[in-house]
1. Bin width 5 Å, alpha-carbon pairs only: give the P(r) of the stretch 41-178 as whole percents, running from 0 to the bin holding the largest distance.
2. What is the spin-label model distance, in nm, from residue 324 to residue 224 if the labels are put 7 Å beyond Cα along the C-beta direction?
3. What are the ³J(HN,Hα) couplings of the stretch 69-83, residue after residue, when phi is run through the Karplus curve with 6.51, -1.76, 1.60 and θ = phi - 60°? Round to Hz, x for glycine and proline.
4. Quickly estimate the mean residue ellipticity at 222 nm for the chain, helices only: each DSSP H run with n ≥ 4 gives -39500 (n - 2.57), and the total goes over all residues, rounded to 500.
5. Which entry in (1) 74, 50, 39; (2) 62, 47, 45; (3) 56, 50, 38 matches Cα extents along the principal axes in Å derived from the coordinates of this structure?
6. Given the C-alpha centroids of the stretch 52-71 and the stretch 209-272, what is the distance between them in whole angstrom?
Amino acid sequence: MNMPNMNPLLRLHAIGQRIWLDNLSRTLLREGELQKLITEDRIAGVTSNPTIFYKAISESPYYRDELQALKADSSLSAEQRYETLAVADIRSACDLLQPIYKSSNGDDGYVSLEVSPVLAHDAKATVADGLRLKAAVGRDNLLIKVPATPAGLTAIEELVAQGCSVNVTLMFSLRHVREVAMAYLRGIRHLADSGGDLHKVRSVASLFLSRVDTLIDKRLEAIAGDALALRGHTAVALARIAYQDALGYFSAAAFGELTKRGARPQTMLWASTGTKNAAYSDVLYVESLIGARTINTVPDGTLAAFRDHGKAEETLTRDIEAARAQFAALQRLGIDLDAAGEQLQTEGLKMFEESFQQLLALTAG
């Protein structure tokens, strides 16, 4: 495990962290690249979102013929055409990851598909859309992605209560981490009370990182002086504290009885882990957050960078007091991290909505 030439991605796997690919396209599927990543790098999952699908459908040649045929069918809406393409890709990725899903007894091997971002503030419609997409894909290793908005929290609870596995997305603060954990706990308890199979439900909580540093660094630069020394440390501090908080939410005291009945604790997932500031290491949000029973979903460039020069050792539980000191220092400067999280979630939703509208324009007749 400590051989110097060993692929560091394999060392991550040995530590107990799973790496997911934050990308999906028919190019990856049909040219064998995704299978290669699974085989050689032990990629254990795939995430998608409207931005990823817009890039895939607009750039990959493997959609053109089917898209033209779909456009020729005037009975289909632009959204139905998009979903036809996306569901086929999701199924294919689920099938590639099915062996991992089976061998891990349902812990690994998942693919995520997002509900329509226009439903982010409508809990009832989100639940209906999530269950519809789950049925359309028809694979046990599917995660329905739901944003951590107030309406999303209600939807998460109901989806879990109905036995639907969920990837909670667009989390940017400790408040989001707490609210999402509580929604999952309520949902899994409802499922238990109704006699459902708890072991069939999987949930991950996706905490977005690089955008946190981008926003907070700008505020620190506006303050200047000693505040500049705090730049580039907020997102890692956030993730390390969030992990400690999650351990409490799913401790034996809080979750033990449900565990005995087959329930799985919700897993922290590090998202938005491509470094946006060129002054920072291109593997900052991977190397600093390595720990067992966590997931890091990485874009292609970050995956390649870590494979090339990443250092794989447990880091997630280091320097917790320094992380808390970072939060305290920001608070003294008047920076409200929960409020920043709400701003970032709103901005993230807007970006996904814009990508979704671009998708619909792409698939319109």
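Just so it is clear, none of the values below were taken in a lab; they were calculated from the coordinates. Just so it is clear, the structure is predicted and the values come from calculations on it, not from any experiment. Because the Cβ atoms are built from the backbone with ideal geometry, glycine has one as well, and the counts that use them run over all protein chains shown.
1. Percent of pairs per bin, in order: 2, 10, 18, 20, 20, 16, 10, 4, 1, 0.
2. Taking the simple label geometry, residue 324 and residue 224 are separated by 3.4 nm.
3. 5, 5, 5, 6, 8, 6, 6, 8, 7, 4, 5, 5, 5, 4, 4
4. -18000 deg cm²/dmol
5. Checked against the structure: label (2).
6. Centre-to-centre distance over Cα atoms comes out at 36 Å.
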